[in-house]
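I have placed the structure first, in the form of structure tokens, so that the comments after it can refer back to it.
The values are calculated or read from the model by the stated rules, or taken from the named source; none is laboratory data. Because the structure is predicted, anything quoted here is derived from the model rather than measured. Every residue, glycine as well, gets a Cβ built from its backbone with ideal geometry; the counts of neighbours run over all protein chains shown.
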Amino acid sequence: MSAVAEIVRAVSQRIELAHDDVGRIVGVSGRTVATWLRDSTPHKQARQRLLELSIVAEQLDQTLKLAPADAKAWILSPNELLHGETPADRIASGRLQDVLPLIEALADGIVA
């Protein structure tokens, strides 16, 4: 299995995201995500977004200990601290730096 396929599977397990959800976040179709599972390689920007999504998935799992369904709900739900955008929207637009501090603040009990 390719490294990209492993990342897609890990994200899908940690956040319960469908290929269409992953694709929307990384800027491709769900069908394209499915081809990555068969050793296709994403273009540079999609690969970068996929890595960023993977970082968030790991943080939600390891730091916040969220169940996959709860992690999915969190990443796809509008958040007041992100001015009504979802964490997925921020990752999709290349603003991972807005999402990671929010996870840290949740872990530290600074925000609920």
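Inspection of segment 41-50 identifies no residue that is surrounded by fewer than 17 Cβ atoms within 10 Å (Cβ to Cβ), under 14 Å from the mean Cα position of the chain (by Cα) and among the hydroxyl-bearing types (Ser, Thr, Tyr).
Residue under question is ASP89, and the condition is that it be at pLDDT 95 or above, more than 25 Å from VAL111 (Cα to Cα) and crowded, with 16+ Cβ neighbours inside 10 Å; does it hold? No: the conditions fail for ASP89.
For the criterion of being more than 18 Å from ALA105 (Cα to Cα) and touching a residue at least 12 places away in the same chain (Cβ under 8 Å), VAL56 fails. Taking segment 1-52 as the range and being of a type in the set (A, V, I, L, M) and over 25 Å from GLN97 (Cβ atoms) as the test, the residues that pass are MET1, ALA5, ALA18, ALA34, LEU37.
Against the test of being surrounded by fewer than 17 Cβ atoms within 10 Å (Cβ to Cβ) and either farther than 21 Å from ARG47 by Cα or in contact (Cβ under 8 Å) with a residue 12 or more places away in the chain (or both), the options GLN97, GLN62 yield a single qualifying residue, GLN62. In segment 68-86, the qualifying residues are those that are surrounded by fewer than 18 Cβ atoms within 10 Å (Cβ to Cβ) and in contact (Cβ under 8 Å) with a residue 24 or more places away in the chain, and the one that is farthest from ILE15 (Cα to Cα) is LEU81.
Within segment 1-34, restricting attention to residues that are assigned to a loop (DSSP other than H, G, I, E, B) and surrounded by fewer than 19 Cβ atoms within 10 Å (Cβ to Cβ), the residue that is farthest from the chain's Cα centre (by Cα) is MET1.
Residue by residue through segment 46-68, note down the ones that are among the small types (Gly, Ala, Ser) and not in a loop (DSSP other than H, G, I, E, B).
Selection gives ALA46, SER54, ALA57.
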